[in-house]
1. Take the alpha-carbon centre of segment 40-54, take the same for segment 86-110, and report the distance between them in whole Å.
2. When only Cα pairs under 8 Å and 6 or more residues apart are kept, what is the percent relative contact order across segment 38-167?
3. Would you kindly derive the ³J(HN,Hα) couplings of segment 161-166 from the backbone phi angles with the Karplus curve 6.51 cos²θ - 1.76 cosθ + 1.60 (θ = phi - 60°), listing them in order in whole Hz, with x for Gly and Pro?
4. Starting at the first residue of segment 53-65, write each ³J(HN,Hα) from the Karplus equation 6.51 cos²θ - 1.76 cosθ + 1.60 with θ = phi - 60°, in whole Hz, x for Gly and Pro.
5. Residue 113 to residue 44: FRET efficiency via 1/(1 + (r/R0)^6), r the Cβ-Cβ distance, R0 30 Å, to the nearest 0.05?
Amino acid sequence: MSDIISNPFRPELPTSWLENLVEQEKSWESSGIVDQYQDDQLQNSLNDSSIEFVEQLKWLFESYVNMFNQLRGNSSTHKQIKVFKIANTANDFILFRNSLKLMVTRKNADVIAIGLFVGNTPHHQQNSHELKAHVGPFKKISWQIHGETVDPQALVQEYLTEFIKHSTI
């Protein structure tokens, strides 16, 4: 099934929650037990939201890194930024250049960490943040830093700028 329903006159509708509900109903029917407690549903929603948010960040970073590398031209490979997936994770990733890493990792379903590192040591404390899930009315999940909702575009622009400045030789 499609994750999005399209209509030229209306915005796209996410459908993953509805697909999950159908699967849950089938489970209830086969077991004869209806789960009235929705704790696991919220945990699943947080998990899905964190994966989707990291995927959005990864797409933005990769897009801008590709443009940056192209605009720099055929310079030596140590000046190129590389993007790597972190093994054995859902979608965590690293940007790498000149021994500096920018890491984006899901610490758990409701916390995403982002920061600059040299080796495994934080580059600067101010260049590291934890984004925390905020569950609002009707279980709408937003990602926040210090109680403020994060704009993915602004986050990527700020972190990529800092990464490039600190990884320039």
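1. Between the Cα centres of segment 40-54 and segment 86-110 lies a distance of 18 Å.
2. That works out to 20 percent.
3. 3J(HN,Hα) across segment 161-166, in whole Hz: 4, 5, 4, 5, 4, 7.
4. Karplus-based 3J(HN,Hα) across segment 53-65 equals 5, 5, 4, 5, 4, 4, 4, 5, 4, 4, 4, 6, 5 Hz.
5. That gives a FRET efficiency of 0.90.
Since every read-out is calculated from the coordinates, none of them should be taken as a lab result. In this text, all values refer to a predicted model and were calculated from it rather than measured experimentally. Don't worry about glycine lacking a Cβ; one is built from the backbone with ideal geometry, like all the others, and counts go over all protein chains shown.
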